[in-house]
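See structure below.
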Amino acid sequence: MSMIRQSWMRCFTVFSLWIALLAVAACSLAQQQDPPQPSPPPSSTQSGNTATPPPAKDKDKPGETVGKSKLEKETGTINDRIFEVLPNYGTVENAQELPPLRTGQKFRLATAGVFDWGAYPFNGILSGIAQAKNDPKEWGQGWGAYGKRYGANFADNSIGTYMTTAIFPSLLHEDPRYYQRGSGRFGRRAYHAVNRLFITRTDSGHDHFNYSESVGNAVASAISNIYHVPSDRTAARNATTFAFLILYDGMDNELKEFWPDIRRKVFHKNTP
């Protein structure tokens, strides 16, 4: 029972972070209705100065690829780092339809997310929480125990990412990219982010049940029995690992949907 409580506490921690980030996004959206700025009066043209200056390059133009990596250009995605740290691969802005991804591109998206530098401190924090709770207790304390917990957390998240972004999307011909709704009421956009856990696009552009998310995370939970301690190889622990992976992916979708609003209103940045 102690192990089950500790596992659910981990899920509750992630869920609390999810709710807090949704609150920030809601506040940002509530402030979006800024009063229109009056247009400046037309300036008089001086005699003899009839040359028209060349128009400035619009860096905010949708589809602009300047500064994008090769992977972003090939897949139509943008790695607009969430809070300037968390990796944000696989997100599509300002596009409704894109060419289907090849199998190699799906694996490259998964690899980019798994081995991004921002993933290492994230797994370090999760491992520190487990260390503080001595979960699992068989590993004890010390740097050696912390290394085991770090390896387990890294493996959980990495295997789940490969299963849901590369392996099963390739086998089932599903599109693992997240297409932002980008506009509309907060509730509709929050629902859209959660709905993408259950409905996804196929490579042919149609919508159907997101088998990669459910089956992929279930397989990742089963594989985790290989490197977890024997006392953790239970149906209860597998269920909580599966729930954690789904909850993490749901939080990730919400961040992908609302990060542009938070970036503009909180960090005052109009472009990635």
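The values are calculated or read from the model by the stated rules, or taken from the named source; none is laboratory data. Nothing here was measured: the structure is a model prediction, and the numbers come from that model. When the accessible area is computed, the model is the full protein with side chains, heavy atoms only, and any ligands, DNA or RNA have been set aside. Shrake-Rupley method; radii C 1.70, N 1.55, O 1.52, S 1.80 Å.
Observations on the structure shown:
- Solvent exposure, largest accessible area first (probe 1.4 Å, DNA, RNA and ligands not counted), of Thr103, Thr200: Thr103, Thr200
- The Kirkwood hydrodynamic radius of segment 224-272, based on inverse pair distances between different Cα atoms, is 13.3 Å.
- Å² of accessible area per residue within segment 102-256, as computed with a 1.4 Å probe and no ligands counted: 45
- For segment 140-272, alpha-carbon Rg and Dmax in angstrom: 17.3, 51
- At full extension, Leu71 and Ser231 could sit 53.5 nm farther apart than now, given 0.36 nm per residue minus the alpha carbon distance.
- Subset of Lys73/Lys265; Lys70/Lys256; Lys106/Lys269; Lys73/Lys106; Lys73/Lys256 violating a 22 Å alpha-carbon distance limit: Lys73/Lys265; Lys106/Lys269
- Rg/Rg_globular for segment 147-212, with Rg_globular taken as 2.2 N^0.38 Å and Rg from C-alpha atoms: 1.35
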